[in-house]
Amino acid sequence: MANLTPFGTLSDGRTVSAIHIAAGGSRATMIDYGARLVAYCLGDGPNAAVSSDIVGYEGPHRFTGPVVGPVINRIAGARAELDGQALRFEVNEGGQNTLHSGGASTHALNWDVDAADSARVAFAVALPGGAGGFPGNRRLTATYALDASGALELELTASTDRLTLINPGHHGVWNPDGRGEPSDLTLEIPAERYLPTDPDKIPTGAVAPVDGTAYDHRVPRPPDPTLDHNFCFEAAMGLRARLSGKSGRSLEVYSDAPGLQAYAGGSGGVALEPQLWPDAPHHREFPSIVLRPGEIFRQRTRFVLTG
């Protein structure tokens, strides 16, 4: 049986529940608000998932730990064209762009608990057609599970009844030491290429070598404070990042997503977000985020704590 406990009450009166799972010497806690990861610990070690209370999750920490959808990251100009149809989204960053789907984002919704046991919890949420400007009635799921080794696995899925845009992602913020700042950590990302951005953090369209840039993390080093970029990978399960603390503890991220957005501008840790590439509707050469009726979007990520 799953272990459910009260977590808090949102400003609009919605109650939030926490679900606790354990296996392989690890423990994890999620809440139904945003299908959000609030704790991942190895044994009696510190919580590697930067977290907050319910007040923080409605405010400055709203993007700490949730599943963000239907489209994580940025869409330039808050618009896109899909099969000849002009789509318009909420402007919520830079005076003209959409970040994390605007007010329609799943980070601020209470997800249903579809199934849960001592080592696994499956969340689901339904998004009505037109919400936030995105077409189609869509269903997203997020399933967290601890395996026998203590690794935390996350599978995201999505389906739709109309042609739409789908790029959900887990917006985890991590610190293997449990406290400190991004500058206290070393980050390894074995990617040869990344996406340069303009002053609004929108990809320029170039896919550039990391060699010679402040974002070359093929050798572990502290993240540059300006890091807020997508790293480009082949779409196969493999190491996307390793974040290490002064204690010797590390978090490794493996995913079949072809991109990893890394962000070091927040407090307490580094955001590592497996996903398709940002602003894809405006760059035909980027991996597509179009989802058709009858198709299933599926993304798998594995988090491993060591030390």
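Here's the yes/no breakdown for (1) among the aliphatic types (A, V, I, L, M); (2) under 21 Å from the mean Cα position of the chain (by Cα):
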| position | (1), (2) |
| --- | --- |
| Thr15 | no, no |
| Gly43 | no, no |
| Arg74 | no, yes |
| Gly77 | no, no |
| Glu81 | no, no |
| Leu87 | yes, no |
| His100 | no, yes |
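Picking from residues in the stretch 182-229 that are in a loop (DSSP other than H, G, I, E, B) and touching a Pro at 6+ places or on another chain (Cβ under 6 Å), the one that is farthest from Gly77 (Cα to Cα) is Arg218. None of Ala235, Ala271, Ala257 is in a loop (DSSP other than H, G, I, E, B), out of contact with any helix residue (DSSP H, G or I) (no Cβ under 9 Å at 6 or more places or on another chain), within 16 Å of His170 (Cα to Cα) and not charged (D, E, K, R) except Ala257. Note down all Cβ pairs under 6 Å where the first residue falls in the stretch 295-307 and is surrounded by fewer than 23 Cβ atoms within 10 Å (Cβ to Cβ), the second is among the acidic types (Asp, Glu), and they're at least six residues apart or on different chains. Cβ pairs passing all conditions: Arg300/Glu155; Arg300/Asp256; Arg302/Glu153; Val304/Glu252. For the stretch 84-111, filtered to residues that are aliphatic (A, V, I, L, M) and open to solvent by 40 Å² or more (accessible area, probe 1.4 Å), the residue that is nearest to Gly169 (Cα to Cα) is Leu109. Within the stretch 211-228, being surrounded by 12 or more Cβ atoms within 10 Å (Cβ to Cβ) and hydrophobic (A, V, I, L, M, F, W, C) holds for Ala214, Leu227.
Within the stretch 140-158, being open to solvent by 40 Å² or more (accessible area, probe 1.4 Å) and polar (S, T, N, Q) holds for one residue alone: Ser149.
Among the candidates Asp216, Asp228, the residue that is free of Cβ contacts under 8 Å to residues at least 40 places away in the same chain, within 14 Å of the chain's Cα centre (by Cα) and more than 26 Å from Gly150 (Cα to Cα) is uniquely Asp228. Restricting the search to strands (runs of 3 or more DSSP E) fully inside the stretch 35-150 and requiring at least 1 residues that are of a type outside the set (Gly, Ala, Ser) and more than 28 Å from Thr204 (Cα to Cα) gives 36-42, 112-117, 120-127, 138-146. Within the span defined as the stretch 52-60, every residue fails to be aliphatic (A, V, I, L, M) and under 15 Å from the mean Cα position of the chain (by Cα). Of all residues in the stretch 234-263, those that are over 17 Å from Tyr40 (Cβ atoms) and surrounded by 22 or more Cβ atoms within 10 Å (Cβ to Cβ) total 5. Selection over the stretch 171-227 of residues that are within 24 Å of Thr64 (Cα to Cα) and acidic (Asp, Glu) gives a count of 6.
The values are calculated or read from the model by the stated rules, or taken from the named source; none is laboratory data. Worth saying up front: this structure is predicted, and the values here are computed from it rather than measured. FYI the Cβ positions are ideal-geometry reconstructions off the backbone, even for glycines, and counts take in every protein chain you see. Each accessible area value is taken on the protein alone, full model and side chains, heavy atoms only, with ligands, DNA and RNA left out. Shrake-Rupley method; radii C 1.70, N 1.55, O 1.52, S 1.80 Å.
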